[in-house]
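Here's the structure we're looking at; comments come further down.
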Amino acid sequence: MPKCVYCGKMYEPPKGLTLVSKDGSVKYLCSSKCRKNMLMKRRKVRWIKKSKRVE
């Protein structure tokens, strides 16, 4: 099971997104919400802190 690089959530393989950079690094994202926030370089989002606190 891949782990989202933005929020840290584990998700099933058919769901989510896989981003491959030009340098060959692979980033797994659980949703488009995580992808959009990562591209805007947001790190202090309330829903991330709540999910990390539960785990």
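The values are calculated or read from the model by the stated rules, or taken from the named source; none is laboratory data. Model, not experiment: these values are computed from the prediction. Note that we place each Cβ from the backbone using ideal geometry, even for glycine, and neighbour counts take in every protein chain shown.
Points worth noting:
- Here residue 14 passes the criteria (1) part of a helix (DSSP H, G or I); (2) at pLDDT 85 or above except the one numbered (1).
Okay, residues lined up against (1) modelled with pLDDT of 80 or more; (2) among the aromatic types (Phe, Trp, Tyr); (3) touching a strand residue (DSSP E or B) at 6+ places or on another chain (Cβ under 7 Å):
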residue: 2; (1), (2), (3): yes, no, yes
residue: 8; (1), (2), (3): yes, no, no
residue: 25; (1), (2), (3): yes, no, no
residue: 33; (1), (2), (3): yes, no, no
residue: 39; (1), (2), (3): yes, no, no
residue: 48; (1), (2), (3): no, no, no
residue: 54; (1), (2), (3): no, no, no
